[in-house]
Amino acid sequence: MYEELKAIVGEEFVSKEPEELYIYSSDPGTMPPVKPDYVVMPKTTEEVQKIVLLANKHKVPVVPMGGALSLSGLVRPLRGGIVVDMKRMDRIIEVNEKARYAVIEAGVSEGRLKAYLDKKYPSLRISTPDAPPIATVTANALIHGSGRLSQIYGFHSEMITGMEVVLPTGEICRVGSCSVSPYWFSRSPLPDLAGLFIGWFGRTGIVTKLGIKLFPKHRYRDVMIFVTENPSYVSDVIWRVAHTEMAEDITVWAQPRPEWAEGFQHTTIYVTADSEEELEFKKKIIRNALMDYIKQKEGGFLYLTPGMKAMFLQEPMSQLVRFADVRRGGGFEYVGAILPVDLFDVAYQKGLEIVERLGIDWAFSIRIIGRSHCMMFAYAYPFNRADEEDVERARKALHETNKAVLEMGGIPWKAEAPAQQLILESMDEGAKRLIKSVIEMLDPNGVMNPGNWEVK
Amino acid sequence: MLEKVNYAEIVHRCFRCGYCKFPSDYSEINCPSYAKYRFETYFSGGRMWLIRAWMNNEIEWSEHLGEIMYSCSTCRNCVEHCVFKFNEQLVDVFIAARSDMVERGLVPKKVGEFFNNLAKFGNPWGYAAKRLEWVGRDYANNEFLLHAGCVAAYDDRAKKSLKALLELLDVAGVDYGVFSDEICEGNEAVIMGEFGLFEQLMEQNRKRFEERGVKKVLTPDPHAFNAFRNYYGLDVVHHTQLLWNLVNDGELKVGKVEGKLTYHDPCFLGRWNGVYKEPRKLLSRIGSFYEMPRNRKDSFCCGGGSGNFYTDYLGGKDSPARMRVKEAAETAEILVTSCPVCLMMLDNAVSDEGLELDVRDISEVVLEALKS
Amino acid sequence: MNLKFDPDRCFNCDSYACLTKCQYLNYDFESAREERIKIAKGEYSKVLEECKTCYSCEEYCPYGNHPFYRIVELQEEYGINLAPKPISKQLVKMYATKEKDLAAIREVGSKALSLCLFPDLRDNVKSKLFEGLPVIMGRQIFCNLVYLHFANMSVIKERARQTIENIKKYGVDELVCFHDECYGFFNSYAKAYGIEVPFKTVHLYEYLYNWLKENEDKIRKLNVKVAYQRNCSNRLSPETDRILDKVFELIGAERVEREYDRENGICCGAVFQMWGEYELAEEVQKKNVEDMAKSGARFAVFNCPMCYVALAERTAKAGLMPILVSDLCRLAIGEMPKLPGRD
Ligand SMILES: Cc1cc2nc3c(=O)[nH]c(=O)nc-3n(C[C@H](O)[C@H](O)[C@H](O)COP(=O)(O)OP(=O)(O)OC[C@H]3O[C@@H](n4cnc5c(N)ncnc54)[C@H](O)[C@@H]3O)c2cc1C
Ligand code: SF4
Ligand code: SF4
Ligand code: SF4
Ligand code: SF4
């Protein structure tokens, strides 16, 4: 098989050496490593197709990988096989400036697309997630990621306008307007086949090209941080700010470090505009929306020094990943709970209860998705990679959090394989059966990333 | 001397987030070895994790591991862009791990050859000694000892640039001499983890410097500049600095050169030693100067550092040097650099790519400006 | 630790300047008297809620009776929240000395420059002006007077002695204070509360004056007009305002006469923003900057880094060049200061 892979992608881009197998057996999170048999790096859709056909021939699993940054072990080949690192497919194929979309290959990183637009299309932007910039736009959208524009436009999966997919059986297929027209403008008005590939963790095929919405980029951008000392206020604070429709991105953070932050909730509100007047106007409206809290002295805006502002305005915010160094041990993972905003207080208290009981370091980091339609509530736990006990503690906290999230009515996002099972346990029988039949229909040989969304 | 870091305390702190793969704006892959190989093993984070795995006996040393370790050109892009607090130590970790491997006799073949030649002949190729006899200007209590470095001493293209420098020094009346039997100062040896060999070379050089009364060193080679400045603790100037002073003080009266100029920052001059301004001031003075998208701290390495100009782990059709000259060709007509290694790497890449791009050392363009 | 405040002086006062001169409260003599007497007695007065904590009455009172410190004590006593509670509480935690701050204390020699809590200014004091003066900064030497704006006198008192102890540990017998507030702490606050300060303190202006006087040959007069933003804490050492005039004279800067300078100086507005009083902040900033702009000055000169942050952009947009006093002096000796907080 090694020889066959070499024939497909070229000798330099396939490996079965222990070094590559070691690195590709895990991501930076807590899930235990699983070794692949091969790692390949295709350059074209045809190469991907050939790899999938080969996998069918030999009945070995294929696992697509982007930046391996989802942290929940999703790119580990649970049943061995071939890990397909997509990042050599890094062409930005088209930017349609007027219709505001881009067509890219699946390996294009968030960082590169952002830099490309900044340079060539300064009035367009993507909804950048705060993941490190090597994360791929495609995997991020496929796993229902969220980012800087999600409060306005929703999950990144909702920004997908079309895709080219290599199906588990090796056929190449297009979904969205590009299946009919030369334009990649939207998924409507056709049967929405994109749903067969979004949220499946590569279980139903490898996406090779993606159409993604771009949005207006404004000249001015500012940040405000509203501080409260009572988590039961936060969902209302968010509701009010979202109601103004003046904010671009709304996030909340609460953490015990630095010491001054402990016990407070910080609602970070980003505002953009094309003129200073517009910016001032928007900020004023937002302040007014929160004036009751200010007047009652229950909440107020943090005074931001230019240095702090610069840190918060950075896209992606590189500060976030440094959370992995809290225990000087290079690791953290989080449960990203998707919840109604209304449950903020419950989710917050539950989280505190877990971290206090387990005596573990933590940070909560929340992003509002939609006009307070829901939120991604991240319970992040750092760990010291060199201390197995510490890793185990984090694993336990993650597991308990996953369970608690389901109990309170939320759903863990980009769930680890065991958490996927927890979700399936709570799932409506009809939905489960449908998942099973979709997989059986699309992937008769069971080669595409098996072990995920496994309905027993 | 370079201190060997205790990497056991650092390697597990790498998150493998990949910030270190990029320049500040994330526009391109900026780690030369990752840019070529594209496996996650070939960037700073991959190396950190592999060193840890090797240290914990999760993987064994292999020729392949050796190649991964030595395909790092120690360009320090990762040091510049890693967002963690240990960023300053990244390259020191790689050097220390290489050194531990060397101590156990674990070096890939080409690296072994490099060390052997350096030990036996005082240069990586095993060429004959007396490498600077042709200069005909032996050091005799001059103001500067001019240390060419191995590449400028032997490589034909780099030798030309050295000649241009000598001509400029003569015009400006700079008082210098060379050791016709110059030997390697050992920068690559130490960077490649051969601490013993480096100490030997440093010893030999120090002794000669003392015997012959050398006080100040002038070098066109940023690698040598680095070793003299940071490990020998000597008073050393790089030719870009001296040339700028000479031009600025009017000792060299320069005109303008034709054509758009751009500048490639040698890693050992820029990111290693913070010299960014002088070459830019010089080039702006003598011509129309344009920056490549990746410049200064974001410069993209030519792929020659840390012995790679010899071992060639970063060669081939996806080589960093070939990517770099394409970037230069989109920016300007003349690609200027100030390092014999960069000059050699980039000049070869231009021929391989068949580009209409002139690659020159800064002394060559200054010489042209002097004559115009 | 009690405030040296003599109620009898207020009962028998002939001016009530503390309130009649106040720029934020519009009291005539009669109502000023009425409210001030309540304050002197320790009773509730509406002043406690209306006061904008501009420090000015410390300067206005001709008898040195510390009207402002008295107000802050009573504000705290009556549980008045000037700012939203989370903001005040967070601020108290933010500047509390940590273990690692204490660990940073080193012997530095007999003289030092206190840079308070302004690490962004580190490069701005890398200058001939300050050559040979080791710089000390951090929460461990912070004067904490900022809490005067937050009705929190007790935290200042609590931390005061420790701050002085910590500075002593640096081994200095002369401390140059970059920030007015720092100087005000040692020379006004400490005296008002009878706290002994076992070292000499020098105001930045005095230091600059002496340096420039000794190095007059290095000065190239700037010959520019400058509009000066007098910050609140300078009210604690009004005598230093005269020294500033002499500094300006030495470097050839003409301090323009304008409405909101000297005794009439107004707040930069930063504190009002922290309180959530945006309209007030906007109003004072607007009238201040408009006044600067029409004065014909080229530079807007600040000594307080907070004022600088609050007003720099706005003054720049109004066509002035914002700059710190010390940086203006650097210009006069041919140095090129970089913008605070920028790389
Ligand atoms: C510090 C930090 C901050 C983060 N912040 C955010 C944030 O703000 N918003 C956010 O959304 N996420 C965030 N993340 C999570 C995560 O990093 C991102 O969602 C990231 O974009 C995932 O992309 P990836 O390329 O790393 O995916 P991977 O982890 O490589 O892959 C994710 C899944 O997609 C599958 N997949 C990959 N490529 C394909 C393909 N071409 N076709 C089919 N399936 C494929 C994989 O098999 C896997 O199941 C953050 C992570 C970190 C470490
Ligand atoms: S070296 Fe630094 S930037 Fe690179 S992967 Fe490791 S932690 Fe991230
Ligand atoms: S030093 Fe350069 S080549 Fe080596 S890992 Fe860092 S960025 Fe890559
Ligand atoms: S504080 Fe001073 S001015 Fe005010 S009433 Fe008392 S004595 Fe008079
Ligand atoms: S501090 Fe200022 S606002 Fe308050 S009473 Fe005194 S002068 Fe008036």
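The values are calculated or read from the model by the stated rules, or taken from the named source; none is laboratory data. The structure displayed is predicted, hence computed values, not measured ones. So basically every Cβ, Gly included, is an ideal-geometry build from the backbone, and we count neighbours across all protein chains shown. Side chains included, ligands, DNA and RNA excluded: accessible areas come from the protein's heavy atoms. Shrake-Rupley method; radii C 1.70, N 1.55, O 1.52, S 1.80 Å.
Straight-line cross-link reach from B:Lys277 at under 18 Å between alpha-carbon atoms covers these lysines, not counting any fewer than eight positions away in the same chain: B:Lys297, C:Lys338.
Paramagnetic label reach from C:Ser31 (point 7 Å along Cα→Cβ; backbone nitrogen cut-off under 20 Å): within the range C:264-285, residues C:280.
Taking each pair of different alpha-carbon atoms in the range B:7-110 once, compute 1/r for the pair, average those values, and report the inverse of that mean as the Kirkwood hydrodynamic radius in Å to one decimal. Don't skip to the end; give the middle numbers.
Details: mean 1/r = 0.0732 Å⁻¹.
It works out to 13.7 Å.
Quick one: with all protein chains in place, what share of the accessible area of the range C:7-77 is carbon or sulfur, to the nearest percent (1.4 Å probe)? Solvent-exposed carbon and sulfur of the range C:7-77 make up 45 percent of the total. Taking the Cα centre of each part, how many Å lie between the range B:286-309 and the range A:57-76? Cα centroid of the range B:286-309 versus Cα centroid of the range A:57-76: 36 Å apart.
Assign one of three labels to the range B:105-247, namely rounded, prolate or oblate, based on the Cα gyration tensor with a ≥ b ≥ c the square roots of its eigenvalues; rounded applies when a/c is under 1.5, prolate when it is not and a/b is larger than b/c, and oblate otherwise.
Details: a/c = 1.82, a/b = 1.60, b/c = 1.14.
Cα axes put the range B:105-247 in the prolate bin.
Considering only B:Ala164, B:Leu197, B:Leu106, the residue lying farthest towards the positive end of the dipole of the range B:96-241 is B:Leu106, judged by Cα position with unit charges set on Cβ. The apolar share of the surface of the range C:275-343, taken as the fraction of accessible area on carbon and sulfur atoms (1.4 Å probe, ligands and nucleic acids excluded), comes to 52 percent.
For the range A:129-239, the square roots of the Cα gyration tensor eigenvalues, ordered a ≥ b ≥ c, give a/c of at least 1.5 with a/b greater than b/c, which places it in the prolate category.
Taking the Cα centre of the protein assembly as shown as origin, sum charge times position over the Cβ atoms of Lys and Arg (+1) and Asp and Glu (-1), and report the length of that vector in debye to the nearest 20. It would help to have the intermediate numbers written out before the result.
Working: 149 positive and 165 negative charges, 125 e Å.
For this selection, approximately 600 debye.
Taking label points 7 Å from Cα along the Cα-to-Cβ direction, C:Asp217 and A:Met441 give a separation of 9.3 nm.
Between rounded, prolate and oblate, where does the range B:214-300 land on the alpha carbon gyration tensor, with a ≥ b ≥ c its root eigenvalues, rounded for a/c under 1.5, else prolate if a/b exceeds b/c?
On the way: a/c = 3.09, a/b = 1.29, b/c = 2.39.
Oblate shape, in that a/c is at least 1.5 and b/c is the bigger or equal ratio.
Protein heavy-atom surface of the range A:2-85, 1.4 angstrom probe: 53% of the accessible area is carbon and sulfur, with nucleic acids and ligands not counted.
What separates the Cα centres of the range C:1-26 and the range B:152-194 is a distance of 79 Å. A straight Cα-to-Cα reach below 29 Å connects B:Lys120 with the lysines B:Lys4, B:Lys109, B:Lys110, B:Lys130, B:Lys159, B:Lys160, B:Lys163, B:Lys207, B:Lys215, B:Lys216, residues fewer than 8 places away in its own chain not being considered.
Express the Stokes-Einstein translational diffusion coefficient of the protein assembly as shown in µm² s⁻¹, to the nearest whole number, given a Kirkwood radius over alpha-carbon pairs, 10 °C and a viscosity of 1.306 mPa s. Once the numbers are plugged in, D ends up at 47 µm²/s. Taking every DSSP beta bridge with both residues inside the protein assembly as shown, roughly what % is antiparallel (nearest 5)? Approximately 60 percent, going by the DSSP bridge assignments. Could you tell me how far the Cα centroid of the range A:406-454 sits from the Cα centroid of the range A:92-116, in Å? Between the Cα centre of the range A:92-116 and that of the range A:406-454, the gap is 31 Å. Qualifying GluC sites (Glu not before Pro) in the range C:104-179, where qualification requires a DSSP coil assignment and no more than 14 other C-beta atoms within 10 Å, comprise C:Glu107, C:Glu131.
For the pair A:Glu277 and A:Ala431 in one chain, pulling the backbone fully straight at 0.36 nm per residue adds 50.4 nm over the alpha carbon distance.
Normalised by the number of residues in chain C, the average gap of Cα pairs under 8 Å and 6 or more apart makes the relative contact order 16 percent.
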